[in-house]
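Student: First the structure, then my questions, so here it is.
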Amino acid sequence: MELPAKTFRVTRADLVRYAGASGDFNPIHWSDRVATKVGLPGVIAHGMFTMALVGRAVAEWAGAPDAVVEYGVRFTRPVAVPDDDQGTEIEVTARIREVTEDGLTRLDVTATCLGDKVLSQARATIRTAR
């Protein structure tokens, strides 16, 4: 069974706010010049910011943040964020892999940006509402 897709817009302003909150001021997250010099397509979102947005989707599907029992991903592709007011979008979908007898639901999660998967092995376990 597929869960309803969640979409998150990511702008350069979001990256600035995340850098301030996380303390990660690596210039690949704010300088096109530095990002392209190291072989990136341009400024990219922080991996942990991307993971947090996907985690937000998981928590929404679960009904509450404390219903997320386990969550993990591998990063496969950076999320390039253009220098405009529109930014980009991350779309998150999930498929229920299993519902256990003890009330847990295991999800296979997919996160894409412009049609490309940005995470792999994204899985979550949530407590099923009774």
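Student: Please work out which one of (1) closer than 23 Å to MET1 by Cβ; (2) touching a helix residue (DSSP H, G or I) at 6+ places or on another chain (Cβ under 6 Å) is the condition VAL79 fails and give its number.
Tutor: Result: VAL79 passes all but (1).
Student: Tell me which residues, restricted to region 9-35, are charged (D, E, K, R) and surrounded by 13 or more Cβ atoms within 10 Å (Cβ to Cβ).
Tutor: ARG12, ASP14, ASP24, ASP32, listed by residue number.
Student: Let me ask something additional. Taking interchain pairs and intrachain pairs at least six residues apart, which have beta carbon atoms under 6 angstrom, with the first residue in region 104-130 and within 16 Å of VAL92 (Cα to Cα) and among the small types (Gly, Ala, Ser) and the second open to solvent by less than 90 Å² (accessible area, probe 1.4 Å) and in a loop (DSSP other than H, G, I, E, B)?
Tutor: Qualifying pairs under 6 Å: ALA111/VAL118; SER120/THR76.
Student: Oh, and also: Scan (1) open to solvent by less than 40 Å² (accessible area, probe 1.4 Å); (2) free of Cβ contacts under 8 Å to residues at least 24 places away in the same chain; (3) among the β-branched types (Val, Ile, Thr) for the single condition VAL58 breaks and write down its number.
Tutor: (2)
Student: Test each condition in (1) modelled with pLDDT under 95; (2) part of a strand (DSSP E or B) for ILE126 and report the one that comes out false.
Tutor: Of everything listed in (1) modelled with pLDDT under 95; (2) part of a strand (DSSP E or B), ILE126 misses just condition (1).
Student: In region 61-97, which residue that is of a type in the set (Lys, Arg) and free of Cβ contacts under 8 Å to residues at least 60 places away in the same chain is surrounded by the most Cβ atoms within 10 Å (Cβ to Cβ)?
Tutor: The qualifying residue surrounded by the most Cβ atoms within 10 Å (Cβ to Cβ) is ARG77.
The values are calculated or read from the model by the stated rules, or taken from the named source; none is laboratory data. Treat the numbers as computed from the prediction; the structure is a model and nothing was measured. FYI the Cβ positions are ideal-geometry reconstructions off the backbone, even for glycines, and counts take in every protein chain you see. We work out accessible area using only protein heavy atoms, side chains counted, and drop any ligands, DNA or RNA first. Shrake-Rupley method; radii C 1.70, N 1.55, O 1.52, S 1.80 Å.
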